[in-house]
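In what follows, a single structure is set out as structure tokens and then discussed.
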Amino acid sequence: MMAVDDYEIRIKGRISDSLLASFDGFDAEYEPAETVLRGSQLDQSALHGVLERVRLLGLELVEIKQVRGGKPT
């Protein structure tokens, strides 16, 4: 059985609603210079898929953190 975790993914700039639709299952929050995506119960395969989607969409990844209980670890 693969381990699953919660992640916070920070992307530079504000992502449009149409681009956010490609991150189904993620909660999004806007900060002044970043879009913060939060996803739960991601295994390594799903996480790599999300990161590949970020790359294919030409978005700039700022940071990715594993979080527990909504707090970065």
Q.
Restricting to segment 2-55, and then to whatever is without any contact (Cβ under 8 Å) to a residue 60 or more places away in the chain and hydroxyl-bearing (Ser, Thr, Tyr), can you tell me which residue is surrounded by the most Cβ atoms within 10 Å (Cβ to Cβ)?
A. Thr35
Q. Is there a residue in segment 42-61 that is part of a strand (DSSP E or B) and modelled with pLDDT of 95 or more?
A. yes
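The values are calculated or read from the model by the stated rules, or taken from the named source; none is laboratory data. Predicted model, so just to flag it, every value in this text is computed and none were measured. No Cβ is skipped: glycine too gets one built from the backbone with ideal geometry, and neighbour counts run over all protein chains shown.
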